[in-house]
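The values are calculated or read from the model by the stated rules, or taken from the named source; none is laboratory data. Just so it is clear, the model here is predicted, and its values are computed rather than measured. Quick reminder, even Gly has a Cβ in these numbers, built from the backbone with ideal geometry, and neighbours come from all protein chains shown.
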Amino acid sequence: MLHTPESAAPMSVEPLVTNSGNLVVATDGTRDSDGAVRVAVALARRDGAKADVFSVVEAPQVVDLDGAPVADLEELVEIAVEERGIMLLAQRDRTHPGIHEWPYELAVGSRVDKIVDRARTTGASFILLGLGAHGIGARVSLRETALRVIRVAGLPVLALPSDAWGVPHSALAAVDFTASSEHAVRAALDLLGDDGTLYVAHVTPRLPIPQGDSRTWGEITRGAVIPKLEEVLRRLNPSPGIRVEYVHLHGDPAHEVIAFAEQMGIDMIAAGTHGRSALGRLVLGSVSTTLVRTAKCWVLVAPPHRDAPNSADRPAAPNDWS
């Protein structure tokens, strides 16, 4: 169910994310990460930011199958780094043919740790990385790497399929009224820039309608949900060029969000994580995990903003599903 907001007096608010910061685009030089590179460069050009092309070479194992130390380990690392550099230049030629300047940084070590450290040390606003293709192979490789980065990054992560390009023109932000879902709305607005459509959605479970009540479940719950969604947007004060639609869905959250995004041809889905507690960093919500593993569009996942109250301190919403 869609609802277009009536005009309301804007409220001044400090941005939760700034679109002027650097974007760390984590790439392995393969076609699976081409979409992340294309989108990062497009966003950087639009916003006057820097796309920090960053690649991590995992150090080879230090023992062979018999348990003996591998000889010439340093030489093997040097070869791997050289090969990765060649792959990154090939990626440049695929994604941005004709460009000669292509600065990038290479690191050796744990992929997830190095990516997160790079984002923190450069003060990045977003991490962009590839989702690769769909299917079991991607689920146990690139998509799981994306989930691991999201769990520990502490800042919004945008995961992109290999065919992604340009900047987003539409986004569906899934809101469960926690700090992280509100941060996801703000992050989605930053990526949309000054023009586009933002669908702000809340999903309520399908419950039995009280006996004798002739109203539909949507009619029963709509009056409580839409005003709360409108309040979130009033706090965030989107650009005048952003068209906002409020969406009230019913059923399984991940399924409904993905189905609505596919039906409307939406570029990007945005959602929050569980929180900043140790458990929240370790285990993502089932909805966020399902989105990363199965959505065909771009997926943006945001933690609570660092200045927001810890979501663990908030009373849980009756249908909190993040």
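Exactly one residue out of Val152, Val116 is at pLDDT 95 or above and touching a helix residue (DSSP H, G or I) at 6+ places or on another chain (Cβ under 9 Å): that is Val116.
Among the candidates Gly218, Gly265, Gly212, Gly223, the residue that is surrounded by fewer than 17 Cβ atoms within 10 Å (Cβ to Cβ) and at pLDDT 95 or above is uniquely Gly265.
Looking across the stretch 230-258, the residues that are part of a strand (DSSP E or B) and of a type in the set (A, V, I, L, M) come down to Ile242, Val244, Val247, Leu249. The single condition among (1) at pLDDT 95 or above; (2) crowded, with 19+ Cβ neighbours inside 10 Å that Gly85 does not satisfy is (2). Residues in the stretch 139-195 that are closer than 20 Å to Pro238 by Cβ and part of a loop (DSSP other than H, G, I, E, B): Pro156, Val167, Pro168, His169, Val175, Asp176, Phe177, Thr178, Gly193, Asp194, Asp195.
If only residues of the stretch 281-297 that are β-branched (Val, Ile, Thr) and modelled with pLDDT of 75 or more are counted, the one that is surrounded by the fewest Cβ atoms within 10 Å (Cβ to Cβ) is Thr294.
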